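Just so it is clear, none of the values below were taken in a lab; they were calculated from the coordinates. The structure presented is a predicted model; accordingly, all values stated were derived computationally and were not measured. With ideal geometry, Cβ positions are generated from the backbone for all residues, glycine too; neighbour counts draw on all protein chains shown.
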Amino acid sequence: MIRFVSYGVGAIFTLALLVGAFTPREAPEPDPIKAIERAPKQVTFAHEGIFGLYDRAQLQRGFQVYKEVCAACHGLELVAFRTMEDLGYNEDEIKAIAAAYEVPAIDEKTGEDSTRPAIPSDTFPSPYANDVAASAANGGKIPPDLSLIVKARPGHEAYIYSVLTGYEEAPEGFEVPEGGEFNPYFPGAVIGMPKPLSDDQVTYEDGTPATVDQMSKDVTAFLAWAGEPKMENRKRMGMGVIAFLSVLLVLSIISYKKIWADVKGPKPHDS
Amino acid sequence: MSFHWAKPYEPKNAVSKWVDERLPLPRLIVESLGTYEAPKNLNYWWNFGSLAGLFLVVQLVTGIVLAMHYAAHETVAFASVERIMRDVNFGWLIRYMHANGASFFFIVVYIHIFRGLYYGSYKAPRELIWMLGVVIFLLMMATAFLGYVLPWGQMSFWGAQVITGLFTALPIVGEPIQTLLLGAPFVGNPALNKFFSLHYLLPFVIAGVVILHVWALHIPGSNNPLGIDVKGPQDTVPFHPYYTIKDLVGVVVALLVFSAFVFFMPNMLGHPDNYIPANPLATPAHIVPEWYFWPFYAILRAFTIDFLGIQAKLWGVLAMFAAILLLLFLPWLDSSRVRSARFRPTYKWLFWFLVADVLILGYCGQAPAEEPYVRISQFASAYYFIHFLILVPLVARIETPKPLPRSIADPVLPSEAVAQPAE
Amino acid sequence: MATAETPAAAQPGTTEEGVRRRDFIHIATGAFVAGGGAMAAWPFISQMNPAADTRALSTVEVDLAPIAVGQAIKVMWQGKPVFIRNRPEEEVAKERAVSLSDLRDPETDQQRVKEGHDNWLVTLGVCTHLGCVPLGAAQGEPKGEYGGYFCPCHGSHYDASGRIRKGPAPKNLEVPQYAFKTPTSIVIG
C-alpha cells in the first residue's frame, strides 16, 4: 500500500519537473556586459597565505592615502583610533591622529548639536551626518563605509586593487551614463566613484614613489587591516593549535592501535 | 539495555554507592559510554555520530558566549557583531568558531545520514532512531536559518525575506502565516528579536531530541558495516576503551580540519555580502543561502511551470519540504531485509547515483537561476524523487542480494590465518 | 574482551587478572587532552573580562570655571560619580591642621590635591564602605559632622579633604587619576 502511494507521489513530482524541463524556453540572450566585465587582476600582498603578516610600513602608507584621499567621501566608522597602535603608532601619535578629526558632540552649555576633536577611544567619523546627506552630496549614490569593504566584496583585496587601478577609456560604442565612469572591474562596468587616484597625489613620508599602483596596493592593505585587525593573532594562534593537535593526533593513534591490538590481532596476509 | 553480557555497573566506593541508590546517574553514564557493548567491526563512518555531538556542544558553548555580547536590535546588531570581532577578548575566535561550527555540524550530519543510507541503519528495529534523526535535521535547519539572520547583513535580511516569503505560496493562509512569523508584514526588528529568542531555544530542543535518539539507539545497539545482527559476546567490544579512543582519534582529526578553517580560511564558507549591513532598498545580485541549504534551494527553484492547477512557486515549496519529509518514510519505502549495501549490488549503484545527484543539486543551488542550471536542477530534482519514491521501493523487491556472512566475528578471528571455505 | 578460548593473560597489555596496564602512552594522550581542554577553555573565560573598548581609557574633561568657591559638582567618569569641590581657604587650612593620628586612613591633605591647585578637591563619589553615593556635593545636601561628605546608607562622615573621620567606611574617598589641562580645567583619567 505504502509502495503505491510512494510511486504516485514520486510520479507527480517527477512529472511536474519533467514538464518544466521539456518546456521550450527562449535561449538566454548573452548579457553584453558580461563580455566587458573582467575578473580581478593578479596581485599579491604581504599578508597573504598561512604565514603572511601585515607590512606595517605599507599599512601606514595606506592610512595616509585613506586620510588624504578617501576620507573625503568614505567613513571608517567601525575602526577606533586606539586600534591604530597595530600600525606601529604610539599613544601621542594616535592622540594627534584622532585630534585631526571632528566628531559629533553636544554643546555643554546650550545643548545644541556641535562637534569636538576626536580622542583615541572614538572611531573614525563618517564625512556625512547621515545617509541622506551622503547621497545628496554624491549624485544619489552613497559612498560605502570602508571598514569591511575588503571582506564584503568577492575577490577581496584583488578586487579593491583592480577597481582602483582599473579606470580606462570605455570601448567603442559603449554608452557611459551620466554621473558614472567606465571601470571593467566593477560589476556592470560603470562605477559611480570618479577615478580617485593619480600619480604623486600623496607624498609618502617614507619617500616611496606614490604611483597609482603603489597607492592602490597600500590603501588596499590598510583596508584589509581595517576589516581584519585580528588577522595576525588568528594566524599565530592557528599555528599553535594545529601543532598541538598534530601531536595529539599521533599520541591518540598510538593509543588506539595499542588498545585495539588484541581485537584486531595480526593481519591475515590475504586481507 | 543493549546486550546481556555487558559488564554490570558496580559502584566502587561509598560515595558512588550512596548516589547510585538515590539517582542512578553514574550508572547511566557508565552503562551508555563505558560498558555499552558495540559491534567490534565498526569502521570510521561510525565516528560521525559522536562528531555531530561534538559540534552540537561547540555551537552551544560558543553561542551562549556570543549571546553575552550580541545585541538583537536592527540598529545595533551588525555593529555588535563587529564589536565582538574587534573588541571582545578572543571574540573573533568565538565568532569564527560559531560560524564555521555550523558548517561543520552540517557536513558531519550529512555524512552521518549517508552512512545510514548505505548501511541500512534506518531499517527495523532502528526506524525510530532514524525518524528522530530526521527531526534533529529539521531542527538544525531551522536553527541555522534563524542564526544566519542575526548578524543583520545583506544576506541575513534578504535570506529571511525569501524564506518567509515562501509561505505566501500557500493560498489564503500564506500571508497571515508570514505576518505571524515576522511579527510584521515585512522583515524587520520584530522578526530579528523573535529569531534571536528562537535561535537560543532550538539548540536545547535539539539536545533533548539527541538524547532520545541515543537512548533509542542503545536499545537494539549499533548497526555495523555488515548489517547483520550481533550474535554473542564474540561480536562486540565494550565502548570504553575501544570506541572512546577511536572517537578521540576522530575528534582530533575533525578539530584539525575545523582549525584549518577557523584560523586560516574563516570566511571561505560564508558569503561576502553578509559583511554589508542590511539594506531593505537594495537587493543583492544573487541571493544564496549557506552551502548546506543549496540542494534544497535548487529543488525549490526547479519548478518553473504551473501544473495541475498548482502554481510553480507552491510546487517548489511542497517539493522542498517533501524532499526532507520523505526521509521519514524510508524504513517502509525500502522493504529489503538486507541492511548493508555491501551485499546489495543494485542498491549500491543507486546510492552512489544519489550522492552524485545531491552534489549536482548543491552546485545548482548556488548558481544563478538561469540556464543551463534551471534545466539541470529540474532533471536532478526529478532523479531525487525518482530515487527515493520509485527506485528504492522497486529495487528492494526485485534485487538479489549477495549471501550474508554467518556472523560478525566470523571473518575477523585472528586465529584463522587462512579463510575456511564457507559451509 | 577475553573470549572463552583465549585466557586473559594471553591478551597483550593485560595482567593476570585481565586488568589493562596503565600504559604510558595512554597517560600521555590523556594529559594532552586535559591540557588541550584547559587551553581551549581560556578564551571562553577571558571573553567575560572587559573588552578593549571598555578598557580604553575614557577621559572626561571638566571646565572648572563655573564652580564658585564653596561649591561642588558631580560628573560621571567610567560609570562612577566624581565630586569636584572648590574649597575656600579656611577649609583648606582646617584640613591641613588635622593630626594624622586622628585619621583611620592617614593621608595629608597635600597628598590628595595637586600642587598649586590646593583649593580643588577631586574624589570619586563612592563611599568606601559598600559603595553608596555620599551626600554633600550638591547645594543644600548635608555635609556631615566634618564639613565634607556624609553617606546616608550607614553613616560614614568624610571631611573636606574626603577623608573618613567617623562611621564604618575603612578608607578615604578615592582620588582618581587627573591632571590640570589649563588652570581652569582638568582631564580625569
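By the scheme Lys and Arg +1, Asp and Glu -1, what is the net charge of all other residues having a beta-carbon under 13 Å from that of B:Lys17?
0
Excluding A:Ala57 itself, what net charge comes from residues whose Cβ is under 11 Å from its Cβ, given Lys and Arg +1 and Asp and Glu -1?
So the environment of A:Ala57 carries a net charge of -2.
List the lysines whose Cα sits under 25 Å from the Cα of B:Lys7, skipping any in the same chain fewer than 8 residues away.
A:Lys257, A:Lys258, A:Lys264, B:Lys17, B:Lys40, B:Lys231, B:Lys246
Can you give me the angle between helix B:48-67 and the longest principal axis of chain B, using Cα atoms only, in degrees from 0 to 90, rounded to the nearest 10?
40
Take the alpha-carbon centre of region A:174-209, take the same for region B:1-49, and report the distance between them in whole Å.
68
When you have a sec, figure out the Kirkwood radius of region A:196-259 from all distinct Cα pair distances and drop it here in Å to one decimal?
Hydrodynamic radius (Kirkwood, Cα only) of region A:196-259 equals 15.6 Å.
Between C:Arg96 and C:Ala138, what is the spin-label point distance in nm, taking each point 7 Å from the Cα along the Cα→C-beta axis?
With each label point 7 Å from Cα toward Cβ, the separation is 3.3 nm.
Tell me, what ³J(HN,Hα) does each residue in region A:93-108 have, in order and in whole Hz, if you take phi through Karplus 6.51 cos²θ - 1.76 cosθ + 1.60 with θ = phi - 60° and put x for Gly and Pro?
5, 5, 4, 5, 4, 5, 4, 6, 9, 9, 10, x, 8, 10, 4, 5
Net charge around A:Asn130, counting only other residues with Cβ within less than 13 Å of its Cβ (Lys, Arg = +1; Asp, Glu = -1)?
Spelling it out: positives minus negatives among the neighbours equals -4.
What does a probe at A:Lys41 reach in region A:69-84, counting residues whose amide N is under 18 Å from the point 7 Å along Cα→Cβ?
No residue passes the distance filter.
Let me check against my output: what whole-number percent is the relative contact order of chain C, with C-alpha pairs under 8 Å and at least 6 apart?
Over chain C, the number comes to 18 percent.
Over all distinct Cα pairs, what is the inverse of the mean 1/r for the protein assembly as shown, reported as the Kirkwood hydrodynamic radius in Å?
Across the protein assembly as shown, the inverse of the average 1/r is 33.1 Å.
How far, in degrees from 0 to 90, does helix B:154-165 lean away from the longest principal axis of the Cα atoms of chain B, to the nearest 10?
80
Regarding chain C, what whole-number volume in Å³ per residue does the convex hull of its Cα atoms give?
So the per-residue hull volume is 224 Å³.
Picking from A:Gly88, A:Val176, A:Thr14, whose Cα lies most toward the positive end of the charge dipole for chain A (charges on Cβ: Lys, Arg +1; Asp, Glu -1)?
The residue sitting farthest along the positive end of the dipole is A:Thr14.
Quick one: check the C-alpha center-to-center distance for region B:151-201 versus region A:229-252, whole angstrom.
Using only Cα atoms to place each centre, the spacing works out to 39 Å.
Given axes a ≥ b ≥ c from the Cα gyration tensor, I'd like to know whether chain A is rounded (a/c under 1.5), prolate (a/b larger than b/c) or oblate.
It is oblate, given that a/c is not under 1.5 and a/b is not larger than b/c.
Would you list which aspartates and glutamates come within 19 Å of B:Lys123, measuring only between C-alpha atoms, while excluding same-chain residues fewer than 8 positions from it?
Correct list for B:Lys123: B:Asp229, B:Asp334, B:Glu399.
For region B:298-413, how big is Rg over Rh, using alpha carbon atoms and the Kirkwood form of Rh?
Dividing the radius of gyration by the Kirkwood radius yields 1.10.
Can you give the Kirkwood hydrodynamic radius of region A:136-271 from its Cα pairs, in Å with one decimal?
19.9
Dipole size in debye (nearest 20) for region A:171-219 around its Cα centre, Lys and Arg Cβ +1, Asp and Glu Cβ -1?
It works out to roughly 140 debye.
Roughly how many Å is it from the Cα centre of region A:20-57 to that of region A:125-173, as a whole number?
Cα centroid of region A:20-57 versus Cα centroid of region A:125-173: 17 Å apart.
In Å³ and rounded to a whole number, note down the convex hull volume per residue for the Cα atoms of region B:255-319.
Measuring per residue, one finds 124 Å³ for the Cα hull of region B:255-319.
Would you please give the residues with an amide H less than 5 Å from that of B:Phe307, counting only those at least 5 places away or on a separate chain, with H modeled from the backbone geometry?
B:Ala312
For region B:127-135, take each phi angle, set θ = phi - 60°, evaluate the Karplus expression 6.51 cos²θ - 1.76 cosθ + 1.60, and give the result in whole Hz per residue in order, putting x for glycine and proline.
Couplings: 4, 5, 4, 4, 5, 4, x, 4, 4 Hz.
Under a cut-off of 20 Å between alpha-carbon atoms, report the lysines in cross-link reach of A:Lys67, not counting same-chain residues fewer than 8 places apart.
The qualifying lysines are A:Lys95, A:Lys195, A:Lys217.
Work out the length of the dipole vector of the protein assembly as shown about its Cα centre, built from +1 on the beta-carbon of each Lys and Arg and -1 on the beta-carbon of each Asp and Glu, and round it to the nearest 20 debye.
3740
Over the residues of chain B, compute the C-alpha Rg and express it relative to 2.2 N^0.38 Å.
1.09
Using the Karplus curve 6.51 cos²θ - 1.76 cosθ + 1.60 with θ = phi - 60°, what ³J(HN,Hα) values do you get for each residue of region B:310-321, in whole Hz, with x for Gly and Pro?
Working through the residues one at a time gives 10, 5, 4, 4, 5, 4, x, 5, 4, 5, 4, 5 Hz.
Helix B:244-259 against the longest principal axis of chain B: what's the angle in degrees, Cα atoms only, rounded to the nearest 10?
The answer is roughly 20 degrees.
Set the Förster distance to 25 Å, then compute FRET efficiency between A:Ile2 and B:Thr400 from the Cβ-Cβ distance, nearest 0.05.
0.65
Nearest 500 deg cm²/dmol is fine: what mean residue ellipticity at 222 nm does chain A get from its DSSP H runs of n ≥ 4 alone, each adding -39,500 (n - 2.57), divided by its residue count?
-14000 deg cm²/dmol
Between their Cα atoms, which of A:Lys41/A:Lys151; C:Lys74/C:Lys94; A:Lys151/B:Lys194 are more than 21 Å away from each other?
Correct reply: C:Lys74/C:Lys94; A:Lys151/B:Lys194.
For A:Arg116, enumerate residues with amide H under 5 Å from its amide H, sequence gap 5+ or separate chain, H modeled in the peptide plane.
Residues meeting the criterion, in which the H sits 1.01 Å from N, are A:Val103, A:Ala105.
So for C:Asp63, C:Asp109, A:Asp92, fewest C-beta neighbours within 10 Å to most, what's the order?
Final ranking by Cβ density, sparse to dense: A:Asp92, C:Asp63, C:Asp109.
Fewest Cβ neighbours within 10 Å first, please rank C:Ser185, C:Ser161 accordingly.
C:Ser185, C:Ser161
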